[in-house]
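Everything on this sheet refers to the single structure shown next.
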Amino acid sequence: MAAIICRKRSFFEDLQSPSPISASSPVLKKLRSSSYSTSPIHFDQLRALFPDIDSQLLENALEESGNDLDAAIRSLHELCLRYSDGKSNTKEIRNGMKPTTGPAAQSEDPSAENNFPANGAEWVDCFVREMMTATSIDDARARATRLLESLEKCISSRAGAEAAQNFHKENIMLKAQIEVLRKDDAILKRAVVIQHERQKEYDERSQEVQQLKQLIAQGKEQLRTLEMNNYALKTQLRQAQQSNSLLGFKSDVF
């Protein structure tokens, strides 16, 4: 677009550098002497219409048009149109303007085409400015077409950037959730290991208890057997004692 194109540093700014050669050049003296002949009112009006064009170019346009504001506007407008269409020449490049098409222009300022207005008010101002500087209906239509294309590109780029940002945020959230799930999984695995160890210990103790119960049952059985044997022995002993007592009485009798 013309506003982006005209931001380049002009040849006249280079002439204003403090080098000895440029300071004494006839061209600079001519520009300095002729700058006082321009109308400040017309210059301010041109500055309002073309805020991105170098001041020296605006003065040049006024001088060449004889301080005719309409002629200066047409001249600057045609100049910007030629650069926006890539139809530049050597003289215009020397006057501080550079083409917007071609590898050289793209390599110098690759981000210029992404320099869109920031909000709706700036877009409105841009439309109004372009319509004010239009010289005809066809020119206004072409300007509106270019602005609408730029608006579409701006919306697409911002929508893509917003989608990428949302995707990045979702990705970060998912990573955080995955990290939480990993921690929970590690805790669950540890709990399973602990539970398995406890279950194993419980099974071992249950087995020991069963063995002890079997030993107790065997001990009870042995105790019962011993009690029965003891009772039988007691009975036999009592019978033996009774027999001995009877035999002893008879011997006394006889």
Inter-residue pairs, beta-carbon under 8 Å, first touching a residue at least 12 places away in the same chain (Cβ under 8 Å) and buried (at least 20 other Cβ atoms within 10 Å of the Cβ) and in the range 49-60, second of a type in the set (Ser, Thr, Tyr) and in a loop (DSSP other than H, G, I, E, B), 6+ apart:
50/133; 54/10; 57/10; 59/38
What do you reckon, is residue 186 modelled with pLDDT of 85 or more, in a helix (DSSP H, G or I) and either under 30 Å from residue 81 (Cα atoms) or touching a Pro at 6+ places or on another chain (Cβ under 6 Å) (or both)?
no
Could you list, ordered by first residue, the pairs with Cβ atoms under 7 Å in which the first is in the range 118-143 and outside any helix (DSSP H, G or I) and the second is at pLDDT 85 or above, at least 6 apart or interchain?
134/140; 134/143
Which numbered condition trips up residue 114, out of (1) among the polar types (S, T, N, Q); (2) modelled with pLDDT of 85 or more; (3) farther than 25 Å from residue 46 by Cα?
(2)
For residues that are more than 15 Å from residue 133 (Cα to Cα) and part of a loop (DSSP other than H, G, I, E, B), scanning just the range 33-67, find the one that is modelled with the lowest pLDDT.
38
Do we find that residue 176 is modelled with pLDDT under 85, assigned to a helix (DSSP H, G or I) and more than 26 Å from residue 51 (Cα to Cα) in this structure?
no
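With the requirement that a residue be touching a His at 6+ places or on another chain (Cβ under 9 Å) and among the polar types (S, T, N, Q), what does the range 131-189 give you?
Taking the range 131-189 first, the residues touching a His at 6+ places or on another chain (Cβ under 9 Å) are 133-135, 139.
133, 135, listed by residue number.
The values are calculated or read from the model by the stated rules, or taken from the named source; none is laboratory data. All values derive from a computational prediction rather than experimental measurement. Because the Cβ atoms are built from the backbone with ideal geometry, glycine has one as well, and the counts that use them run over all protein chains shown.
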